[in-house]
Amino acid sequence: MEFEPVIGFEVHAELKTNTKVWCGCPTTFGAPVNTQTCPVCLGQPGALPVLNGRAFEISLGVATALNCEIPRETDFDRKNYYYPDLPKNYQISQQFRPLGRGGWLDIDLGAEGTRRIGIDNIHLEEDAGKNIHPEGATHVDYSLIDLNRAGTPLLEIVSTPDIRTKAEAEAYMKGMKSLLEYLDASDCKMEEGRLRFELNISLRPKGSSTLGQKVEIKNLNSISVVLKCIDHEIERQTDILEEGGEVEGESRLWDEAKLVTRTMRKKETSFDYRYFPDPDLVTIVVTEEQKKRIAEELPELPLAKRARFAEQYGIPEYDAGVLTANLQMADYFEAAVRAHDNPKSVSNWMMTEMIRRLNEAGEDAGAADFAVRPEALAELVRMIDDDSITGKIAKKVYPLMVETGRMPSVIVEEEGLKPIDDSAIEPVVRKVLDENPKMVAEIQDGKMKAIGGLMGQVMRATGGKANPQTVQTLIKKLCGVE
């Protein structure tokens, strides 16, 4: 029997605020342990939470961008469970009246077009602290708790189970990350835990409309790890079903060392958490005026920007899609084009040299931190366009720009990479022609393909510093075929 996966996601994004969601403690990453706490985020008796208005407005912006229905009234509830990094023994979240329901995200599947993935709900909650497990120590049977993260505003976005393939799952994760960055809702630094995914996956017979037993894999902080989980879970669940067994509903963790998922605990239901309205927090009223203002303040979103790039700059749809998938990349491109108006050449350099280096640097590398600034790339393209350097010289200059951050004009001057004068090219061309009489004869007989071979020899002899157009013109002239 052939099975198909049914996939949904819970996306957890730490919001880009200076303070926590219920108190004034800072949210700075990497601060000394337990230095960003107060009675509220430590859950001490008598401490009362006060909603961070900025966190709520950011959340409304995300819900609006995801086409959600935003209710007039929304509440906060207590999700009760015990875990060492949850000092109150409950999490303030939203269960009964979340701030958004029934939205969607259109994902880009390249040549297959776009596909709409439903959003079940969006709700604002608080993050927990962090368990620290000592590494390298022997005979250690304990963990430590850092509560700096406890109370950080956390937006949870729950999709409907609309995803059917690993490619769609990847497009959804990248699309959601891109949207959050465009909205400036979160910096989405996955290596810092700012963006985390929980994968819900089940299998069912292909063609069936009945959902299989869902398994949840928690706290995945890398898109590449999620994709590995999908592969493993499809294989694991397929083996169970083909052997006549039943997949258990449970929460699992990813074991990177063994490249498998393993049982964490049996899956809880909402009943297990004993949700009830938080008595310390009032109902929040969202006015129509507030909804309208937030909608009007939304920035240009990824799919709209992609369409504009293709139309305004005349670059291929594929290029536009790659360049707008990340806001930093899109801003970098437009800054470079403003400095030198040659969109296609700027795009070509970014699509090849720049993106390759960013990919080598890792999943979270961004254009904002790239050593080659937009104005430097623009200058390189301009130098090629006005024949100040050849394309071959540019290929030598670019790695030095990446390595040092220097402008290309400075590198060309300091490294002695200036093109040779046209007057100095003719002696080299004459020498190459004298050494290749057979190829000269072919050209004189109308076999122009031989020009390419002669040009290659001239370019090698000049270290790539000769102007290719000048070389070609001289070869034709000296062969008498102008």
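Okay, here's what the table says:
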quantity: Degrees between helix 53-65 axis and first principal axis of the chain (Cα, 0 to 90, nearest 10); calculated: 60
quantity: Ranked by how many other beta carbons lie within 10 Å on average, peptides 41-47, 222-228 from highest; calculated: 222-228, 41-47
quantity: Volume of the Cα convex hull of the chain, divided per residue and given in Å³; calculated: 228
quantity: Cα lying deepest toward the dipole's positive end in the chain, options M407, P39, P205, charges on Cβ; calculated: M407
quantity: Net lengthening on full extension, K344/E403 (0.36 nm per residue, minus Cα-Cα); calculated: 18.8 nm
quantity: Phi-based couplings in Hz for segment 456-468 (Karplus 6.51, -1.76, 1.60; Gly and Pro marked x); calculated: x, 5, 5, 5, 5, 5, 9, x, x, 8, 7, 6, x
quantity: Shape parameters for segment 422-478, alpha-carbon atoms, Rg then Dmax in Å; calculated: 10.2, 30
quantity: Cross-link partners of K449 among aspartates and glutamates (Cα-Cα below 17 Å; sequence separation of 8 or more within a chain); calculated: E482
quantity: Residue exposure sequence - E57, E482 - by fewest surrounding Cβ within 10 Å; calculated: E482, E57
quantity: Peptides ranked, highest mean first, by Cβ atoms within 10 Å: ranges 94-100, 460-466, 24-30; calculated: 94-100, 460-466, 24-30
quantity: Simple spin-label estimate for E413 and W104 in nanometres, 7 Å along Cα-Cβ; calculated: 5.7
quantity: Entries in K177/K214; K214/K292; K177/K292; K189/K291 that, when Cα-Cα distance is taken, lie over 26 Å; calculated: K214/K292; K189/K291
quantity: Helix axis angle, 302-313 relative to the chain longest principal axis, alpha carbon, degrees; calculated: 20
quantity: Sequence-distant residues sharing a close amide H with D278 (under 5 Å, placed H); calculated: F76, D77, R78
quantity: Under 5 Å, built H, 5+ apart or other chain: amide partners of G103; calculated: E69, I119
quantity: Residue-by-residue Karplus 3J(HN,Hα) for segment 112-121, coefficients 6.51, -1.76, 1.60, Hz, glycine and proline x; calculated: 7, x, 10, 9, 8, 10, x, 10, 6, 7
quantity: Sorted by Cβ density within 10 Å, fewest first, the residues I92, I234; calculated: I234, I92
quantity: Within segment 59-113: Cβ-based charge dipole about Cα centre, in debye rounded to nearest 20 (Lys, Arg +1; Asp, Glu -1); calculated: 400
quantity: Ranked packing of 288-294, 156-162, most packed first, by mean Cβ within 10 Å; calculated: 156-162, 288-294
quantity: Unit charges on C-beta of K, R, D, E only; dipole of segment 3-294, Debye; calculated: 440
quantity: Amide proton proximity set for V260, modelled H, under 5 Å, gap of 5+; calculated: D255
quantity: Of L478, G456, P427, farthest towards positive along the dipole that unit charges on Lys, Arg, Asp, Glu beta carbons give segment 422-478; calculated: G456
quantity: Theoretical gain in end-to-end length, E426 to D331 [0.36 nm per residue, Cα-Cα removed]; calculated: 29.8 nm
quantity: Prolate/oblate/rounded call for segment 300-414, Cα gyration tensor, a/c under 1.5 rounded; calculated: oblate
quantity: Shape category assigned to segment 1-91 from the gyration tensor of Cα positions, a/c cut at 1.5; calculated: prolate
quantity: Rounded Å value of the spacing that divides the Cα centres of segment 92-128 and segment 41-62; calculated: 21
quantity: Inter-centroid distance (Cα atoms) of segment 416-474 relative to segment 146-198, Å; calculated: 56
quantity: Net +/- balance of residues flanking S93 in space, Cβ distance below 13 Å, scoring K and R +1, D and E -1; calculated: -3
quantity: Prolate/oblate/rounded call for segment 1-160, Cα gyration tensor, a/c under 1.5 rounded; calculated: oblate
quantity: Distance in nm between pseudo-label sites at N436 and N34 (7 Å out along the Cβ direction from Cα); calculated: 7.6
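Values quoted throughout were computed directly from the atomic coordinates according to the rules given, and no laboratory measurement underlies them. From a predicted model like this one, the values you see are computed outputs, not experimental measurements. Cβ coordinates were reconstructed from backbone atoms using ideal geometry, including for glycine residues, and neighbour counts include every protein chain displayed.
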